[in-house]
1. May I ask for log10 I(q)/I(0) of the chain at q = 0.09, 0.12 Å⁻¹, from a Debye sum over the Cα atoms as equal point scatterers with solvent left out?
2. Is there a quick way to get the dipole size of the chain? I mean about its Cα centre, with the Cβ of Lys and Arg at +1 and of Asp and Glu at -1; what is the value in debye to the nearest 20?
3. Give the residue list of GluC sites (Glu not before Pro) in the range 320-389 that are DSSP loop and have at most 11 other beta-carbon atoms within 10 angstrom.
4. List the aspartates and glutamates whose alpha-carbon lies under 17 Å from that of Lys136, not counting same-chain residues fewer than 8 positions away?
5. Treat each spin label as a single point 7 Å out from the Cα along the C-beta direction, and report the Ser88 to Asp151 distance in nm.
6. Using only helices, what value at 222 nm comes out for the chain when you add -39,500 (n - 2.57) per DSSP H run of length 4 or more and divide by the total residues, to the nearest 500 deg cm²/dmol?
7. Need the full-extension length gain, Asp164 to Val138, defined as separation in residues times 0.36 nm minus the C-alpha distance. One decimal, nm.
8. Check the straight Cα-Cα distances from Lys334 and name the lysines below 28 Å, setting aside those fewer than 8 residues away within the same chain.
Amino acid sequence: MLGAVLVAAGSGTRLGANLPKALVPLAGRPLVRWAAESLIDAGIASPVVVHPAGYASQFRAALAGCQVAALTEGGDTRTDSVRAGVASLAPDVTVVAIHDAARPLMPAAAVRRAVEAVKNHVLAAAPAIAVADTLKQVVGDDVVATIDRRDARAVQTPQVFRRDVLDTVLGHAGHATDELTLVEQALERATMSGVIRLVDGSVFGHKVTTADDLRLLEALAMADLGTTVRVGSGFDVHALVELPTRPLRLAGVAIDSPLALEGHSDADVAAHAVADALLGATARGDLGDHFGVDDPDTAGADSLDFLREITHQLSTDGWQIANVDVTLVAQRPKLAGYRAEMRSRLADALNVAVEQISVKFTTTDHLGMIGRGEGIAAMASCMLRGRER
Ligand code: CTP
Ligand code: MG
């Protein structure tokens with residue numbers, strides 16, 4: 001059986017973020033989630049994820065909806081973190097992939113090539129890329145010699161091992177920046193014999209080390225995500241009545257008004273129109289299908305919770321919200337002063353930046369039911385970026 005350990009217990013000193021590197025978002029999702037999904041896409045179900053001490057709940061949240069076998073605490077060095085992860089693997093795992101959370105975009109095809117190589121009787125295998133630059137051996141900044149680049153490869157992860165080989169080399173004390181090194185040392189000591197094979201890696205397997213790497217990968221991720229876009233639209237209207245039991249709520253903001261909207265939930269038409277736009281973009285039916293009026297749980301519900309739940313489902317399925325544009329159609333009350341707060345509440349619920357959310361207001365010039373102040377309507381459109389799976 002195939003198993004995987006995703007090492008994510010480093011602090012990310014060279015990146016310098018204020019949270020562990022694996023939790024830093026790339027195109028809206030944490031690095032560790034991207035890396036876990038690339039393993040899962042390659043057919044390695046349920047990786048063991050190794051996280052820094054004290055961060056279990058943040059990692060659980062970052063991986064919500066992703067099938068992982070276990071979360072376990074890492075050690076002071078990478079090799080100790082690998083040891084901790086391997087200790088949590090099921091006993092029937094016979095081939096193990098060790099992957100860096102810091103390589104979010106490794107394509108599933110490269111992962112599969114390394115796995116296939118190990119199934120075909122090598123001790124270990126990893127994806128690697130040819131080096132295009134001329135390589136110099138240096139002392140400090142001074143050149144000592146030129147290394148023939150044809151004799152070199154830049155090695156990536158996942159590095160894949162026969163379980164018995166990995167258990168043996170991890171059983172020795174010692175540390176390395178990758179696990180192939182540990183097998184090389186065993187071959188040098190002649191305590192083991194066999195082949196370590198490199199297979200074709202990918203520039204998408206680039207590792208996040210510094211802020212520049214993150215910018216580079218962000219551009220790659222967006223270019224890739226941008227290949228599929230979806231638009232959605234939503235509309236809702238509720239009656240505006242005297243309702244002493246609750247305030248008027250629009251886009252999650254309590255509006256100062258003696259009147260409120262009638263409805264089963266909090267009747268937030270703006271949130272409902274946005275929810276329908278998001279559901280519509282991916283053809284998931286409408287709000288009533290997901291949070292029906294017969295559901296007692298949704299009576300008086302905070303409609304921003306609907307948006308949070310939909311956002312979570314979309315992100316789990318690989319969709320990013322690019323923008324949302326809402327128009328509130330209301331003759332009364334006056335809404336102009338609420339725009340900033342509405343944008344910020346929606347952005348928070350949708351887990352995007354305020355700049356991605358637009359809120360507009362209009363009246364109907366006293367025409368029709370809305371114009372007589374009998375109701376408030378909202379319409380919304382959105383664009384999603386994503387990958388078809
Ligand atoms: N790693 C780990 N446990 C450690 C050190 C590193 O699990 N004690 C993991 C990192 O989380 C990362 C991978 O090994 O996914 C590669 O390490 P690196 O890129 O060096 O990440 P960090 O150690 O977090 O970064 P830095 O060296 O800049 O602090
Ligand atoms: Mg490190």
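1. Summing over Cα pairs of the chain leads to -0.64, -0.93.
2. Details: 36 positive and 47 negative charges, 164 e Å.
Here the chain has a charge dipole of around 780 debye.
3. Values: sites: Glu341, Glu355, Glu374, Glu388; in loops: Glu374, Glu388.
Here the sparse-neighbourhood loop sites are Glu388.
4. Those aspartates and glutamates meeting the cut-off are Asp148, Asp151.
5. For the pair Ser88/Asp151, the computed spacing is 4.1 nm.
6. It lands at -9000 deg cm²/dmol.
7. Details: separation 26, 0.36 × 26 = 9.36 nm, distance 3.74 nm.
In short, 5.6 nm is gained.
8. Lys360
No lab work stands behind these numbers, since they all come straight from the coordinates. All of these numbers come straight from a predicted model, not from anything done at the bench. All Cβ positions, glycine included, derive from the backbone under ideal geometry; neighbour counts span all protein chains shown.
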